[in-house]
Structure formats: C-alpha cells, structure tokens
Amino acid sequence: MSAPAIRPLNSSLQTIAREQLYEESDKIHENLGILKEWIRKSSHLRARTDDQFLISFLRGCKFSMEMTKKKLDMFYTLRTHIPEMLADRDPLDDKLHRIIKLGVGLPLPNTEGPGTPRLMLMRPGVYNANEFTMPEVMKVTMMINDITMIEDDNTVVAGQIGICDLKNVTMAHFIQMQPSLMKKMSMMWQDGMPIRQKGVHYINAPSSFEKIFNIFKSFLNDKMKSRLFIHSSMDSLYKVVPRKLMPAEYEGEGPPLQEITDDWEKKILSYRDYLVDDSKLYGVDEKKRVGTPKNPSSLFGLDGTFRQLDFD
C-alpha cells in the first residue's frame, strides 16, 4: 500500500505530536488502516476516509483508537441530528454568504511560534439578531472549523484558543441562546470535534451574560469548564493572550479585520464543493446502527430547569 497522504509537520509540531499526542510516525499508516477498516464495517456510518481528515481525529484523541472511533461517530451523528447547524452548507447560499462576509468567526493568521495554538476570534455582536439566527451563524463557524481541521496543523496539533468578543451583543442575541441550542453547541464543541480546545476567553461581556454563561457551563465536563474565562478588561486578556497576534482593531500587530474576513471568504468559497458534498454524502443511518439508535431526544434531551430561558 502507498504511504498516507499527510502533510509533514514542522519540527516544533512534530515534538508536540510525539510527546503530547503519542504520535509514532512509523505507525501512522497502520493506525489509519485500522480506522478505515472500522469505518468500512460500520454500516450505519458514511464517513470521509482521506488520510488528512482522519489523522486530525487520531491526533485530537491522542491516538487512542477507542476515543477516535467514538469521536468520529459523534462527529457524523451530530451532523445528521443537528441539520439546522450542520446541513445544507453551500457558501453561495445568499444568507450564508452574507454571514461569511460579516466575519463573525475568524481564525487569526498568526501564531506566537511554529508550535503554538491558533487563536479563533468570535464576534457575535456583528450580526443582526433580527436578520440571522444563531444556528445560521454557527453553520458558518462549523464550516470554518472543518476547514481548519484539515488544513491547519497548529489548530489540530497545538490546539485552538477562542476569544469571544461580546461587544454590541443585544438582548435579541441572548434570547436566541435557548438551553436546547446551548446543549447542541456544547456537544459539538466538546464531543463532536477533534480540535483541541485550549480555552475560551470572553471580553466585553454585559452583566446579562452571566445567566447564559452559567447554563452553558452546566453542559460541559470539568475539564472544559476550567478552560472558560471572563475578562474585565483587555489588559486582563493580554496577560494570557499575546496582544501582537490580535487584529489592528484590538491594538494588535495582526492584519485588520476586513482583510482577515476577505481572506476567509475566499477560502470558504474555494471549499464549496467539499462543503456541499459533506452535507449530501456523509452522516449516519440510524436504521443501520448496531444497538440502540440515537435520536434528538436521547442526544439533546433536557431535564426540568433548563428547558426555557427567560430574561426579566
């Protein structure tokens, strides 16, 4: 068999992959073969089998085959059962294209070093909550995450650090954040993506955000909860995140937001065939799943207190 088609890592990322992710370069081909054979035998699962895609799951799960299978299955299970965020992903769709051009979620172009995490800047306040819904915005964010998962070795190997700027977020935005949506978003972030989340830092948070924040945290495991931070000032943020990596609008040394947004619009559009095929060709068929089929109730069911969120 031919060698796997995987981009070589730079030396810094090679060291992280070896020491933190337990990657053994001479066993990658074998690991990929085992994973592809499991996919072939999993009659309910329609999954991509290209090497660069699958290696992101192995790396994200520290080469635990059991964890990788579980994560890959959940990746496609959620894509089937959360269609409002993960189906019909044509970036030329008028509404989706308009969201892309807003730059709500932007992986920043620079990293602190060749082996350091990627910063992901999220700006929910730039979309009009009376024109777009959070699931529509999340659909674009997940398209970006899928691209970084196969294209960005810093994100996959060193991890991702989120910076969520809540400037200009309104009550209309918060009303969209009902518990059922937060549960789905938390599962996508925590259980359905192989990207190593190193933390999320919130800035410019209004006082009304506390209720949302506490409910979202309730859906996370202890490790993820410990990686959420609210900053009262930019100085606080810049004690843990290098200022120089941020866009010019944040007094950083990176490119301006419009340039980053334009670059990502071009990149997303270049992936149009990939994204359209992803919605049409891949997912799960619960009728063929061995054991108990999954459904929205079993995946996202909410108990009692958090069924509906009201703001006084």
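Kyte-Doolittle cut-off 0.0, length cut-off 15 Å along the helix's own axis using Cα: show which whole DSSP H helices in the chain pass.
Within the chain the helices that satisfy the rule are 134-151.
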Just to check, using Stokes-Einstein with a Kirkwood Rh over alpha carbon pairs, what's the diffusion coefficient of the range 158-312 at 10 °C and 1.306 mPa s in µm²/s? 86
Scattering profile of the range 153-212 at q = 0.12, 0.16, 0.18 Å⁻¹ [log10 I(q)/I(0), Debye over alpha-carbon scatterers]: -0.37, -0.64, -0.78
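Find how much the distance from residue 253 to residue 101 grows on full extension, using 0.36 nm per residue of separation minus their present alpha carbon separation; answer in nm with one decimal.
Full extension of this stretch gives 52.5 nm more.
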Estimated 222 nm signal from helices in the chain, with DSSP H stretches of n ≥ 4 weighted -39500 (n - 2.57), rounded to 500: -13500 deg cm²/dmol
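Within a Cβ distance under 9 Å of residue 52, other residues only, what is the Lys/Arg minus Asp/Glu net charge?
Around residue 52, the charge tally is -2.
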Students often forget the sequence filter, so: which aspartates and glutamates lie under 15 Å Cα-Cα from residue 101 once same-chain residues fewer than 8 apart are removed? 90, 93, 131, 136, 259, 262, 263, 265
Zero-based 5 Å bins, Cα pair distances in the range 73-205, whole percents: 2, 10, 19, 23, 23, 16, 6, 1, 0
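Can you give the local net charge around residue 24? Use residues other than it whose beta-carbon is closer than 15 angstrom to its beta-carbon, Lys and Arg +1, Asp and Glu -1.
Around residue 24, the charge tally is 0.
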Once the Cα gyration tensor of the range 196-264 is diagonalised, semi-axes √(5λ) in Å: 26, 14, 13
Take the eigenvalues of the Cα gyration tensor for the range 110-149, scale each by 5, and report the square roots as semi-axes in whole Å, largest first. 26, 12, 5
If you split all Cα-Cα distances of the range 1-141 into 10 Å bins from zero, what percentages do you get per bin, shortest first? 10, 30, 31, 25, 5, 0
Under 14 Å from a point placed 7 Å out from the Cα of residue 223 along the Cα-to-Cβ direction: which residues of the range 33-59 have their backbone N that close? 58-59
Here the net charge surrounding residue 238, from other residues whose Cβ is less than 14 Å away from its Cβ (Lys, Arg +1; Asp, Glu -1), is -2
Under a point spin-label approximation (7 Å from Cα along Cα-to-Cβ), what is the residue 20-residue 270 distance to one decimal in nm? 2.7
In whole percent, and with a 1.4 Å probe on the protein chains, what portion of the accessible area of the range 242-282 is carbon and sulfur? 46
Given a 10 angstrom Cα cut-off, can you work out which residue in 230, 99, 144 is the most mobile in a GNM of the chain? 230
Students often get this wrong, so check it: of 36/280; 70/211; 27/225; 183/280, which have C-alpha atoms separated by over 27 Å? 70/211; 27/225
Cα extents of the chain per principal axis, largest first, Å, are 58, 45, 39
Taking GluC sites (Glu not before Pro) that fall in a DSSP loop and have at most 16 other Cβ atoms within 10 Å as cut points, what is the longest piece of the chain between them? 132-250
Report the relative contact order of the chain, percent, no decimals, based on alpha-carbon pairs under 8 angstrom and at least 6 residues apart. 23
Relative intensity, log₁₀ I(q)/I(0), of the range 129-240 from a Debye sum that treats every alpha carbon as a point, q = 0.09, 0.18, 0.19, 0.21 Å⁻¹: -0.25, -1.07, -1.19, -1.43
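The values are calculated or read from the model by the stated rules, or taken from the named source; none is laboratory data. Keep in mind that this is a model prediction, so the values were computed, not measured. Counting neighbours? That spans all protein chains shown, and the Cβs are built from the backbone with ideal geometry, glycine included. What goes into the accessible areas is simple: the full protein's heavy atoms, side chains included, and nothing from ligands, DNA or RNA. Shrake-Rupley method; radii C 1.70, N 1.55, O 1.52, S 1.80 Å.
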